[in-house]
Amino acid sequence: MLTIQSDIKKLAEQEFNRVVEELKELGIVSNLDTTILAIYADAYANYVKITEQLKNEPLTIEYTNKAGATNIIENPLVKTQMKYIDVIMKCSTKLGLSVSDRLKLVVPKQEEKVDEFAEEFGDI
């Protein structure tokens, strides 16, 4: 169970490095992506932490308001978990982490240098 902040930091670093390696293999990562990768990795690590906590807690809890009425409400950790999921999904889209997201990315192709002389005269 992840409870210590250093464990969360370590998990975020591992996820960051994992995603960077995957994106390198696809040729769709650059230094300009580091901030969004860091945000993604941090959200991922915190999502894992919240999910671990929720395994040991009920999804709903009793809440007594100022008037003294007791109501059943959603565990606040569920809302926090959903916020991290939202950040993960937004970053994933920007980084092209799913096949459908990668298809939407425009990756500039490197122009081939055309040797006009060779094109004109061929192999002389």
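The values are calculated or read from the model by the stated rules, or taken from the named source; none is laboratory data. Predicted, not measured: the structure shown is a model, and the values here were computed from it. Reconstructed Cβ throughout: ideal geometry from the backbone, glycine too, with neighbour counts over all protein chains shown.
Based on this model, can you work out whether ILE85 counts as loosely packed, with under 13 Cβ neighbours inside 10 Å and modelled with pLDDT of 95 or more? So ILE85 fails the test. Every condition in (1) farther than 29 Å from VAL19 by Cα; (2) in a helix (DSSP H, G or I); (3) at pLDDT 70 or above holds for GLU120 except the one numbered (3). Elements of the type helices (runs of 4 or more DSSP H) sitting completely within the stretch 15-107 and holding at least 3 residues that are more than 27 Å from GLN5 (Cα to Cα): these cover 99-104. Of the conditions (1) out of contact with any Asp or Glu (no Cβ under 6 Å at 6 or more places or on another chain); (2) free of Cβ contacts under 8 Å to residues at least 40 places away in the same chain; (3) surrounded by 13 or more Cβ atoms within 10 Å (Cβ to Cβ), THR93 satisfies every one except a single condition; which number is it? Of the numbered conditions (1) out of contact with any Asp or Glu (no Cβ under 6 Å at 6 or more places or on another chain); (2) free of Cβ contacts under 8 Å to residues at least 40 places away in the same chain; (3) surrounded by 13 or more Cβ atoms within 10 Å (Cβ to Cβ), the odd one out for THR93 is (1).
Of all the residues in the stretch 26-54, those that are hydroxyl-bearing (Ser, Thr, Tyr), farther than 15 Å from THR93 by Cα and surrounded by 15 or more Cβ atoms within 10 Å (Cβ to Cβ) number 1.
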